[in-house]
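One structure below.
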Amino acid sequence: MVKLVAVDVDGTFIHDDHTYDESRFEKIFAQMKKAGCNFVVASGNQYYQLREIFSRYGDEISIVSDNGAYVEARGELIFAADIPKASAHFAVDVCKKIPGVQIFMCCVKCAYCERGNVPADLFNFMHLYMPRMEFVDDLKKVDDQILKFALIVPEGKPLEYEEILREKLSGVLTPTASGNISIDLIVPGLHKASGIARLVEKFGITPAECTAFGDSSNDIEMLRYCGESYAMGNAAPHVKAVAKHICLTNNEDGALVALEKIFGGD
């Protein structure tokens, strides 16, 4: 029996226009509650953005945000990463030396970027995914608990830059591609699967009772961890290779169609 469903957001649960079929999901969610199943939003995005998307469900859902760096179990914070300042400053220095990389530092209170590093149009674009974000003069002077870094790289080259960063960061932080232009730098050992594992322990269930949906490289650990896994029809080939099932694309409501089959639709 499925006791936990974890869904990625961009490219998975929501359409490319950042919407989802809310009335359809509301019916599915009611069936999930009756079955005693926990619904988890597992994303690389900021906690506050995920809360906005699923605002109608309040503390009925759990959230794994920032690729496992911030974990909330039905309204209760159970984990928040804390990257040491020395590691963060090293990462900033490394990224600034790589052409074509823009840096966003994701923290508990807010996300930050430097005026000299990030143009205004990119700031506005990233604001969709990180609604609490500020310009600062120097990332190294920010006083906040650091969860991860979000990087924007040239389009279509996240895997190439991921390899460059893995070599240069020497295990201090782990790069993981999270989209066609994005890479996250996270604490080694932290990812969506580690966040879900914390929830599994909290809820007293097992990985075999979990089902996950994803489309990108940063979903791979989660897809491997859960007993059942679905890669979206629009997922990258290497992501499809690790999933047990392939469903329809995000724009075809692939996750909702699969969930209706699992929990029964009207």
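The values are calculated or read from the model by the stated rules, or taken from the named source; none is laboratory data. Keep in mind the model is a prediction, meaning the values are calculated, not measured. Cβ coordinates were reconstructed from backbone atoms using ideal geometry, including for glycine residues, and neighbour counts include every protein chain displayed. Remember, those area values only see protein heavy atoms, side chains included, never the ligands or the DNA or RNA. Shrake-Rupley method; radii C 1.70, N 1.55, O 1.52, S 1.80 Å.
Key figures for this structure:
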quantity	calculated
The stretch 1-60: number of residues that are assigned to a helix (DSSP H, G or I), among the hydroxyl-bearing types (Ser, Thr, Tyr) and closer than 15 Å to LYS192 by Cβ	2
Residue in the stretch 198-216 that is most open to solvent (accessible area, probe 1.4 Å), counting only those that are closer than 22 Å to ALA241 by Cβ and in contact with a Phe, Trp or Tyr (Cβ under 9 Å, 6 or more places away or on another chain)	PRO207
Test: residue in the stretch 193-210 that is closer than 26 Å to PHE123 by Cα, in contact with a strand residue (DSSP E or B) (Cβ under 8 Å, 6 or more places away or on another chain), modelled with pLDDT of 95 or more and not hydroxyl-bearing (Ser, Thr, Tyr)	no
Residue match in the stretch 105-127 (condition: closer than 19 Å to THR176 by Cβ, among the aromatic types (Phe, Trp, Tyr) and surrounded by 16 or more Cβ atoms within 10 Å (Cβ to Cβ))	no
Among residues of the stretch 178-195, those that are touching a Ser or Thr at 6+ places or on another chain (Cβ under 6 Å) and crowded, with 22+ Cβ neighbours inside 10 Å, counted	3
Residues of the stretch 239-266 that turn out to be open to solvent by 70 Å² or more (accessible area, probe 1.4 Å), free of Cβ contacts under 8 Å to residues at least 60 places away in the same chain and in contact with a helix residue (DSSP H, G or I) (Cβ under 7 Å, 6 or more places away or on another chain), as a count	2
Looking only at the stretch 217-238, and only at residues there that are in contact (Cβ under 8 Å) with a residue 40 or more places away in the chain and open to solvent by 30 Å² or more (accessible area, probe 1.4 Å), the one that is nearest to GLU163 (Cα to Cα)	ASN234
Any hit, the stretch 140-151, residues being surrounded by fewer than 20 Cβ atoms within 10 Å (Cβ to Cβ), in contact (Cβ under 8 Å) with a residue 40 or more places away in the chain and over 16 Å from GLN46 (Cα atoms)	yes
